[in-house]
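Report on the structure given below.
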Amino acid sequence: MALTVGTFNLNNLFDRWNFTGALDVLAQGTSTVPATYTFDDEHRRRLQLDGHGKLLLAKKPEETDRVAERLLAADVDVWVVQEVENVDVLREFNREHLNGAYQHVMVIDGNDATRFIDIGILSRRPIGGVTSYQRTFHPDVPNRPIFSRDLVEVEILDARGRKALTVFGTHLKSKFVDFTVADPVAAAAEAQLLRTRQADTIVRIMAARMSSRQRYLLCGDMNDTPDSPALAAYAKSGLVNALTAPTEIGAVKTTVELPASPAWTSTFKAARQPRTFDLIDQIWLSPGLVPRLQGAFIGRRKKLARDGTDHDPAWIALDI
């Protein structure tokens, strides 16, 4: 059967209300929304904030609409999506913005206690078993789970309910370093070490679960390039990068000189530094799946800085 599978970082798809605005409206008086707010317990006065004390709000409507447009334009059967707060917000997004295009929606709350961002699945194909590896530990870090978000394993079924493909989805540690930290160089090195250990753990899990003859893939936001030292375990294990020469769908409107290779999904311009274009959203194939690859694609943004999200979606076509 023909099957398309992709990865897309939706960038902070949160289920948050602008409480200040809502309370201002109520304070002005209304005959249609009677409400009483009582704070009789000092421990229940808090609104849910991120790890830096900032109230997290929903994406701007126009950004949510644009992300939906880009996702629908790709017309992919199975998406692994990142930066989703919970299953309810993904269901609402599917219902309200994707016109219910995906019958199967899955999110498992992961380990991110700072931004509350999780990994989700949107699928037109039936989903079988789903496994979260969020409680996995690395031998060098035995006191806390190794995945700052999660690694999920999802069985994609055919029309007869048989497993057609196993998809592993993840979102590795970011390169972002807070400018307030005392030693940015040490913080960056620590983040790279964590990404390395996460990639090593993913390879170890897949080796225990799969054989090289089986059809499976790994995809997600790796927050590093395919040839980086942090991700060296992928190629070393026999996985094959499916996005070495992707076909671009659409074109970015910019006067900035773009790289010769279309293999990029993220761009960044640091102060007084040249702009970088990196393939951080990746799809890696098992040796047994490589002969089934029919094509690889990246849906190109219209605006260089961001287009609803600061990532471009990547997907592949398979004949399985």
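Filtering region 164-200 to residues that are touching a Leu at 6+ places or on another chain (Cβ under 7 Å) and either not in a strand (DSSP E or B) or not small (G, A, S) (or both) leaves L165, V167, F168, T170, K173, R195, Q198, A199.
Being touching a helix residue (DSSP H, G or I) at 6+ places or on another chain (Cβ under 7 Å), more than 27 Å from D178 (Cα to Cα) and at pLDDT 95 or above is the requirement here; does D224 meet it? Against the criterion (touching a helix residue (DSSP H, G or I) at 6+ places or on another chain (Cβ under 7 Å), more than 27 Å from D178 (Cα to Cα) and at pLDDT 95 or above), D224 does not qualify. Taking every residue in region 298-312 that is under 12 Å from S266 (Cα atoms) and polar (S, T, N, Q) and pairing it with any residue that is modelled with pLDDT of 95 or more and in a loop (DSSP other than H, G, I, E, B), at least 6 positions away or on another chain, the pairs with Cβ-Cβ distances below 9 Å are T309/R301. Determine whether I117 is under 21 Å from G6 (Cβ atoms), buried (at least 16 other Cβ atoms within 10 Å of the Cβ), free of Cβ contacts under 8 Å to residues at least 60 places away in the same chain and within 17 Å of the chain's Cα centre (by Cα). The answer is no for I117. When restricted to residues that are of a type in the set (V, I, T) and surrounded by 15 or more Cβ atoms within 10 Å (Cβ to Cβ), region 235-258 contains 3.
Among the residues of region 140-165, the one identified as farther than 20 Å from G220 by Cα, in contact with a helix residue (DSSP H, G or I) (Cβ under 9 Å, 6 or more places away or on another chain) and not β-branched (V, I, T) is D140. Return a yes/no flag: does region 273-282 have any residue that is at pLDDT 95 or above, closer than 25 Å to T166 by Cβ and acidic (D, E). Yes, there is a match, as at least one residue in region 273-282 is at pLDDT 95 or above, closer than 25 Å to T166 by Cβ and acidic (D, E). Test T225 against the criterion of being surrounded by fewer than 19 Cβ atoms within 10 Å (Cβ to Cβ) and more than 17 Å from the chain's Cα centre (by Cα), and give yes or no. The answer is no for T225.
Here G110 fulfils each of the conditions (1) out of contact with any Phe, Trp or Tyr (no Cβ under 9 Å at 6 or more places or on another chain); (2) crowded, with 22+ Cβ neighbours inside 10 Å; (3) more than 26 Å from T247 (Cβ to Cβ) apart from (1).
Would you mind stating whether S212 is within 25 Å of R115 (Cα to Cα), in contact (Cβ under 8 Å) with a residue 24 or more places away in the chain and part of a loop (DSSP other than H, G, I, E, B)? No, not satisfied. Screening region 301-320 for residues that are part of a loop (DSSP other than H, G, I, E, B) and over 17 Å from the mean Cα position of the chain (by Cα) and picking the one that is surrounded by the most Cβ atoms within 10 Å (Cβ to Cβ) gives L304. Of the residues making up region 134-163, those that are in a strand (DSSP E or B) and either of a type in the set (K, R) or crowded, with 19+ Cβ neighbours inside 10 Å (or both) number 6. Only residues that are among the β-branched types (V, I, T), part of a loop (DSSP other than H, G, I, E, B) and free of Cβ contacts under 8 Å to residues at least 40 places away in the same chain were counted in region 245-294, giving 1. Can F147 be described as over 15 Å from I121 (Cβ atoms), in contact with a Ser or Thr (Cβ under 9 Å, 6 or more places away or on another chain) and aromatic (F, W, Y)? Answer is yes for this residue.
Only one of the numbered conditions (1) part of a loop (DSSP other than H, G, I, E, B); (2) over 20 Å from T7 (Cα atoms); (3) among the basic types (K, R) is not met by R204, and that is (1). Residues in region 134-191 that are closer than 30 Å to F268 by Cα and β-branched (V, I, T): I146, V152, V167, T170, V177, T180, V181, V185.
The values are calculated or read from the model by the stated rules, or taken from the named source; none is laboratory data. What you see is a predicted model; the values in this text were computed from it and never measured. Please note: Cβ atoms are built from the backbone with ideal geometry, for glycine as well, and neighbour counts cover all protein chains shown.
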